[in-house]
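Beneath this line is the structure, given in C-alpha cells, with notes to follow.
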Amino acid sequence: MANVLLGSDHAGFFLKEIIKQELVQKGYEVIDVGCFTETSCDYPVFTADLCKQIQDGKAPKGVLVCGTGIGMSMAANRAKGIRAALCANEYQARMSRAHNDSNVLCLGSRVLGQDLALSILEVWLKTEFEAGRHMRRIDIIESF
Ligand code: RB5
C-alpha cells in the first residue's frame, strides 16, 4: 500500500489517531507529522511539514485534521502542487479525487462524527482521478 501522510493540530489530534489506526489496519504505511498531544499548537506548522513531504515525494497523499478543516485547507493550498480538499461528505470526497485530483484531504474534527470521517476517508482513498478534460483544468491551477 502507498504511504499516506497524516497531520493535525490539537483539535484534530484525537481523530487523527483514529484515522491512523484505521489506515494501519488496512495495510497503509502511515507517516505521522504530528502533532502528538492535545496541547494547543499551530495548525500551519503541521500543514507546512506535511505539504513539504508530498512535494519531496515522500508520499503521494496526505490527510490533515483540525477543528474545522478550514485553516489547514487554507494553509495547504498555498503550497505549490498541493490540491487540498475540505470535505464534509462522501460526494465531495469522490469528486475532489475524480475531477480535482486532490492530494490532500482536510477534515474538521469538530464538524464530523467519527464514522462519517472514516467513510469520507475511504471514498477519498479509493477514488481515482479521471484525467481527460479535468487535467487541462489542473494544469491551469498549477500555472498560477
Ligand atoms: C483550533 O482551536 C482551531 O482554530 C483549529 O483547529 C482549526 O479549526 C482552524 O482552522
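The values are calculated or read from the model by the stated rules, or taken from the named source; none is laboratory data. Please read all numbers here as calculations on a predicted model, not as lab measurements. Here the Cβ positions follow ideal geometry from the backbone for every residue, glycine too, while neighbour counts run over all protein chains shown. For the accessible areas, the whole protein counts, side chains as well, though only heavy atoms, and no ligand, DNA or RNA atoms are used. Shrake-Rupley method; radii C 1.70, N 1.55, O 1.52, S 1.80 Å.
The table that follows gives values for the structure above.
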item: Dipole axis of the chain (+1 Lys, Arg; -1 Asp, Glu on Cβ), positive-most option in 48, 15, 134; result: 134
item: Rounded accessible area of residue 68 (nearest 10 Å², 1.4 Å probe); result: 70 Å²
item: Net lengthening on full extension, residue 122/residue 21 (0.36 nm per residue, minus Cα-Cα); result: 35.0 nm
item: Prolate/oblate/rounded call for region 1-127, Cα gyration tensor, a/c under 1.5 rounded; result: rounded
item: Residue 115 accessible area, 1.4 Å probe, all protein chains in place, Å² to nearest 10; result: 120 Å²
item: Helical contribution to [θ] at 222 nm, DSSP H n ≥ 4, -39,500 (n - 2.57), averaged over the chain, rounded to 500; result: -13500 deg cm²/dmol
item: Kyte-Doolittle mean at least -1.0, axial Cα span of 20 Å or more - DSSP H helices of the chain; result: none
item: Where Cα atoms sit under 18 Å apart: lysine pairs in the chain separated by 8 or more or lying on different chains; result: 12
item: Exposure rank, largest accessible area first [95, 74; 1.4 Å]; result: 74, 95
